[in-house]
Amino acid sequence: MDDDDGGIQEEPAPPLPPPPPPSLRRLLTATRSGGSRWVDGSEVGSSESAPWSLDGDRSLRLSVDSAASAGGAGGGGGGPLSRASSGAFRRRFGKQPRRVDSLDVEAMSVRGAHGHSSKEISMLSTVAMAFQTLGVVYGDMGTSPLYVFSDVFSKVPIKSEVEILGALSLVMYTIALIPFAKYVFIVLKANDNGEGGTFALYSLICRYAKVSLLPNQQRVDEDISSFRLKLPTPELERALSVKESLEKNPVFKNILLFLVLMGTSMVIGDGILTPSMSVMSAVSGLQGRVPGFGTDAVVIVSILFLILLFSVQRFGTGKVGFMFAPILALWFLNLGTIGIYNLAKYDISVVRAFNPVYIYLFFQTNGIKAWSALGGCVLCITGAEAMFADLGHFSVKSIQIAFTAVVFPCLLIAYMGQAAYLMKYPFAVERIFYDSVPEILFWPVFVIATLAAMIASQAMISATFSCIKQAMALGCFPRIKIIHTSKKVMGQIYIPVMNWFLMVMCIIIVATFRSTNDIANAYGIAEVGVMMVSTALVTLVMLLIWQTNLFLVLCFPVIFGSVEFVYLTAVLSKIQEGGWLPLAFSSLFLCIMYTWNYGSVLKYQSEMRGKISLDFILDLGSTLGSVRVPGIGLVYNELVQGIPSIFGHLLVTLPAMHSTIVFVCIKYVPVPYVPFEERFLFRRIGQKDYHMFRCVARYGYKDVRKEEHGFFEQLLVETLEKFLRKESQEMALEASTMAVERDDVSVVSDIPSSPVEAGDLHVPLLSDQRLGDGTQTFITEGNTPVLPTSSIAEEDPSLEYELESLREAIASGFTYLLAHGDVRARKESFFTKKFIINYFYAFLRRNCRAGTATLKVPHSNIMRVGMTYMV
């Protein structure tokens with residue numbers, strides 16, 4: 001699995017004054033309440049990172065400098081310190097922490113050297129990627145000249161040049177305003193570490209504000225290298241007020257989730273109509289050219305092309321992109337050259353449409369009919385949302401280059417060429433595209449148009465796959481099989497169930513409607529709905545994350561939101577003519593996603609209420625009231641804290657328990673990817689002789705859990721061993737600190753106290769130490785001294801014993817202990833809740849993919865315990 005983000009990273013805000021060195025930064029993090037702290041220096045139960053304090057930073061540096069100078073180490077501060085100075089330093093910065101053996105806190109992390117930095121993509125690679133986008137992202141928008149003018153002028157008959165120039169001006173400014181100005185320059189920059197789509201925006205918001213309805217967020221998740229929270233800006237106060245309003249009001253949380261789910265469901269609904277519309281529009285060009293090629297023939301040929309299109313999806317986006325990109329490049333070249341030919345031959349004066357006055361004249365002349373024609377005009381930007389939704393497959397710069405250099409100019413020239421042809425032949429609106437093609441080029445253009453129409457569907461199919469994957473990761477869609485089709489690019493996936501579902505739906509639509517005009521009436525509603533959702537979410541990102549000037553924030557929804565609302569009112573007028581179809585599909589997927597999220601949240605809350613007390617486990621003793629046999633038991637649950645109720649059922653049901661118990665929680669965090677070395681968080685439960693641990697396995701919403709169970713087990717065990725060694729070193733360090741402090745008490749009493757209270761600080765991290773040769777010395781980082789390392793150079797006998805026990809358990813094998821749960825609504829619940837949970841949610845749970853199927857665990861290694869969750 002490749003963990004490269006492969007996208008454009010967030011630009012950091014202007015930095016504050018320089019932060020202190022790493023060791024001091026960890027000490028600053030520790031200057032909160034005198035609670036316990038983790039291996040990485042984070043505080044137990046803390047919910048947010050410590051804010052920078054310049055005064056605190058200054059006082060902290062003064063304390064360190066005074067300690068260093070008292071030791072007579074010379075100007076460099078890098079030599080050995082005296083016992084007096086070391087004692088003073090430890091009294092100020094080395095208060096021993098209180099250990100907490102409770103699971104009602106966050107997991108302990110094992111931090112390593114990450115060294116992750118965003119890779120610079122070469123210009124040649126960016127251009128090659130931009131070429132691929134033609135075959136994946138811009139197919140839908142590129143084939144819109146096949147049907148836009150024919151649909152517009154079916155509502156507004158051509159009576160003069162005002163209708164032609166007005167419609168052309170509408171199309172040109174619609175493309176310039178929505179895809180070009182909004183998406184290329186603004187929305188694409190709101191990516192989540194290179195990932196796009198409504199769920200990427202939602203996860204980005206969840207990182208800055210706790211708006212997720214699933215309460216499994218942890219402060220330690222902010223230490224993931226891809227989290228990248230921005231530093232404060234002058235607009236921080238306004239951003240904090242927005243954050244507070246979102247976090248405190250559950251209504252806002254539900255509204256935000258509803259918007260995200262509605263936008264995602266509309267993308268899926270649009271993905272059903274796009275292949276049908278594009279393919280039928282291309283094939284219908286044979287009507288009138290081939291004798292006897294009627295409507296039935298158009299339907300049959302379209303269905304065959306659709307079957308071929310969906311059959312090649314299993315080869316993956318990358319292969320499809322390289323295979324389709326040359327065809328789309330040739331298609332855009334044809335659009336441009338034919339448009340220039342028509343402009344030169346028929347009427348170049350249509351360039352007057354750059355004057356927006358013709359839009360006013362168009363509405364003044366045609367009134368309500370012009371407003372109805374907006375439903376056809378919006379077809380010119382169908383597929384614009386795919387620019388953002390498919391971002392994870394490519395990069396921001398590649399999509400911007402392709403649209404600016406190829407797509408935008410070719411589309412404008414193509415529409416102007418068709419308008420020039422209509423100026424001379426105004427009655428050729430029904431087949432405007434093929435009629436405007438020179439006679440000698442008809443068949444080559446028809447072949448390319450048919451292939452381009454098939455490829456046009458690729459944009460929405462890829463966007464649908466991406467949205468489903470992100471919805472699953474954020475707990476809003478049932479688990480289904482996902483195939484990762486590329487070893488290099490994590491975002492390229494294939495979902496068989498959705499692929500065949502889309503194919504069947506497209507075939508039904510083509511066989512039922514049998515006409516592109518009827519499908520066009522249903523087309524566009526979902527697209528405009530998704531655009532309005534993205535406008536609302538990006539506005540929130542501007543307020544909360546970008547912290548943009550308030551005037552600019554208001555301009556974004558006012559300008560783009562108002563235009564999209566006008567288009568929405570126009571396309572809604574076509575509901576009775578077929579516009580109900582995308583709304584029906586969108587409503588179906590919205591119900592599925594909202595029900596799954598609602599049931600998952602209730603199930604998680606039920607598990608939280610049923611947690612087993614740690615005191616009860618401790619009272620059982622290290623044998624857990626049973627017989628401990630060699631082996632590792634992986635108890636799967638959804639809790640990031642606490643002992644799950646399934647463990648109580650296991651103790652009662654099983655005659656013996658494994659010598660090592662690990663409570664495993666698979667958790668998705670609101671970042672695209674989590675590197676392997678940051679995947680697992682570990683914490684010990686009880687005393688050492690219990691051999692029980694908590695493990696939180698973190699995945700990003702774009703991570704594909706395709707590893708074999710053996711690889712997962714190996715990674716888990718390696719991280720557990722690192723954790724045990726780290727824990728042993730920390731305990732040795734604390735013991736050494738206590739011993740040296742007792743020896744230095746009389747000397748330290750003569751040294752003036754620091755302005756920083758010792759009671760507020762903790763022991764520095766072991767990562768600041770270097771294993772020495774047994775001599776009692778202090779190692780320094782810059783001007784910052786750290787504690788001696790002589791005591792941790794010796795191996796801890798208890799550590800060797802525990803590691804040996806772990807090796808014996810590994811040799812005996814792994815057993816996956818799972819809960820076969822049934823979720824039921826309580827008797828006193830309302831009828832609607834009982835219906836949703838007992839029937840709809842239960843149906844989805846019975847038919848979704850089992851969690852163990854992802855790791856391909858052998859059935860002989862699985863043990864299930866039946867449970868019923870009352871919610």
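What the table shows:
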item	result
Lone qualifier among Ile455, Ile448 - being part of a helix (DSSP H, G or I) and either within 20 Å of Met387 (Cβ to Cβ) or free of Cβ contacts under 8 Å to residues at least 40 places away in the same chain (or both)	Ile455
Failed item, numbered, when Thr653 is tested on (1) modelled with pLDDT of 90 or more; (2) open to solvent by 10 Å² or more (accessible area, probe 1.4 Å); (3) not assigned by the TED database to the domain that holds Ala471	(1)
Total residues in region 568-582, condition of a type in the set (Ser, Thr, Tyr) and in a helix (DSSP H, G or I)	1
Single residue of region 564-603 satisfying the filter (of a type in the set (Ser, Thr, Tyr) and modelled with pLDDT of 85 or more) that is nearest to Leu502 (Cα to Cα)	Ser586
Residues located in region 669-706, provided they are among the small types (Gly, Ala, Ser) and either surrounded by fewer than 23 Cβ atoms within 10 Å (Cβ to Cβ) or not assigned by the TED database to the domain that holds Ser659 (or both)	Gly686, Ala697
Any chance Phe305 is in contact with a helix residue (DSSP H, G or I) (Cβ under 7 Å, 6 or more places away or on another chain) and surrounded by fewer than 24 Cβ atoms within 10 Å (Cβ to Cβ)	yes
Region 825-836 residues that are touching a residue at least 24 places away in the same chain (Cβ under 8 Å), paired with ones that are open to solvent by 60 Å² or more (accessible area, probe 1.4 Å) (beta carbon under 8 Å, 6 or more apart)	Ala825/Lys834; Ala825/Met870; Arg826/Met870; Ile836/Tyr598
Qualifying residue in region 375-395 (condition: assigned to a helix (DSSP H, G or I) and among the polar types (S, T, N, Q))	no
Breaking point among (1) of a type in the set (A, V, I, L, M); (2) farther than 17 Å from Ile632 by Cα; (3) part of a strand (DSSP E or B), for Val671	(3)
Condition broken by Ser562, with the remaining ones in (1) touching a helix residue (DSSP H, G or I) at 6+ places or on another chain (Cβ under 9 Å); (2) over 14 Å from Ile186 (Cα atoms) satisfied	(1)
Matching residues in region 425-484 - criterion: being of a type in the set (Ser, Thr, Tyr) and touching a Phe, Trp or Tyr at 6+ places or on another chain (Cβ under 9 Å)	Tyr425, Tyr434, Ser436, Thr450, Ser457, Ser466
For Met172: the one exception among (1) modelled with pLDDT under 85; (2) open to solvent by less than 20 Å² (accessible area, probe 1.4 Å)	(1)
Per-region count, region 598-620, residues open to solvent by less than 20 Å² (accessible area, probe 1.4 Å) and either in a loop (DSSP other than H, G, I, E, B) or touching a helix residue (DSSP H, G or I) at 6+ places or on another chain (Cβ under 6 Å) (or both)	1
Residue check for Ser154: touching a Gly at 6+ places or on another chain (Cβ under 9 Å), surrounded by fewer than 21 Cβ atoms within 10 Å (Cβ to Cβ) and touching a residue at least 24 places away in the same chain (Cβ under 8 Å)	yes
Matching residues, region 265-302, being of a type in the set (Val, Ile, Thr) and open to solvent by less than 30 Å² (accessible area, probe 1.4 Å)	Val267, Ile268, Ile272, Thr274, Val279, Val283, Val298, Val299
Check on Leu818, at pLDDT below 85, under 23 Å from Gln714 (Cα atoms) and surrounded by 15 or more Cβ atoms within 10 Å (Cβ to Cβ)	yes
Selected residue (criterion: modelled with the lowest pLDDT) from residues of region 827-853 that are open to solvent by 30 Å² or more (accessible area, probe 1.4 Å) and over 25 Å from Leu590 (Cα atoms)	Ala853
Close pairs from region 299-310: first assigned to a helix (DSSP H, G or I), partner open to solvent by 10 Å² or more (accessible area, probe 1.4 Å) and charged (D, E, K, R), Cβ under 9 Å, at least 6 apart	Val299/Arg514
One residue from Phe647, Phe585 being in contact with a helix residue (DSSP H, G or I) (Cβ under 9 Å, 6 or more places away or on another chain) and either in a strand (DSSP E or B) or assigned by the TED database to the domain that holds Ile175 (or both)	Phe585
Residue among Tyr173, Tyr147, Tyr138 that alone is within 30 Å of Val671 (Cα to Cα) and either assigned by the TED database to the domain that holds Ser436 or under 34 Å from the mean Cα position of the chain (by Cα) (or both)	Tyr138
Residue that is part of a helix (DSSP H, G or I) and open to solvent by 20 Å² or more (accessible area, probe 1.4 Å), where the choices are Trp371, Trp331	Trp371
Failed item in (1) touching a Ser or Thr at 6+ places or on another chain (Cβ under 7 Å); (2) in a helix (DSSP H, G or I); (3) closer than 30 Å to Glu163 by Cβ, with Ser398 passing the rest	(3)
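The values are calculated or read from the model by the stated rules, or taken from the named source; none is laboratory data. All values derive from a computational prediction rather than experimental measurement. Virtual Cβ from ideal backbone geometry, glycine too; neighbours counted across all protein chains shown. Note: accessible area is taken over every heavy atom of the protein model, side chains too, but ligands, DNA and RNA are not part of it. Shrake-Rupley method; radii C 1.70, N 1.55, O 1.52, S 1.80 Å.
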